[in-house]
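Okay, so here's the structure we're looking at.
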Amino acid sequence: MTLKARCKNSLIFSRPERITKIAERFGLDPEETLENIKYAKAYTVEHVISLLNMAAALMLESPHSLLIIDSIMSCFRSDFTGRGELSERQQLLGKTLSRIMKLA
């Protein structure tokens, strides 16, 4: 059994020793498990969207079992500040969440 995962902004996947312990617990090969995990960190909303496009392309090439997106709101909060940009932020957030649901 293999698990392929695509992760964004998740702290657990930035520490390979944690993945090794989890893989061993479930009887999986730790090296193969680490090779099957793709990790990326987004810094801006545009970067989030770009990474989602890349994730979609990877999922077309080979099926992935899991997509983890941690702290997606932090990019939206930092890129869109104040009430004047609230509407634009909400619209782009809605489009982004819709895109994530389509990946499922």
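The values are calculated or read from the model by the stated rules, or taken from the named source; none is laboratory data. Given the structure is predicted, the values throughout are model-derived calculations rather than measurements. Glycine also receives a Cβ, built like all others from the backbone with ideal geometry; neighbour counts cover every protein chain displayed.
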Exercise for the section: Keeping to the range 51-82, report how many residues are outside any loop (DSSP other than H, G, I, E, B) and among the acidic types (Asp, Glu). Expected result: 2
Exercise for the section: Could you run through the range 35-50 and say how many residues are of a type in the set (A, V, I, L, M, F, W, C) and loosely packed, with under 14 Cβ neighbours inside 10 Å? Expected result: 0
Exercise for the section: Write out, first by first residue and then by second, each pair whose Cβ atoms fall under 7 Å of each other, whose residues are 6+ apart or on separate chains, and whose first residue, in the range 34-50, is under 19 Å from residue 94 (Cα atoms) while the second is part of a loop (DSSP other than H, G, I, E, B) and not aromatic (Phe, Trp, Tyr). Expected result: 42/9; 48/42
Practice task
Give me the pairs, please: first residue somewhere in the range 77-103 and touching a residue at least 24 places away in the same chain (Cβ under 8 Å), second residue anywhere and among the basic types (Lys, Arg), beta-carbon distance under 8 Å, and either six or more positions apart or on two chains.
Solution key: 79/89; 80/89
Problem - Condition met for residue 39 (aromatic (Phe, Trp, Tyr), modelled with pLDDT under 85 and not in a helix (DSSP H, G or I)) - result: yes
Problem - Given (1) assigned to a helix (DSSP H, G or I); (2) modelled with pLDDT of 85 or more; (3) under 16 Å from the mean Cα position of the chain (by Cα), number of the condition residue 20 does not satisfy - result: (3)
Exercise for the section: Might you check whether a residue that is in contact (Cβ under 8 Å) with a residue 40 or more places away in the chain and exposed (fewer than 13 other Cβ atoms within 10 Å of the Cβ) occurs anywhere in the range 55-62? Expected result: yes
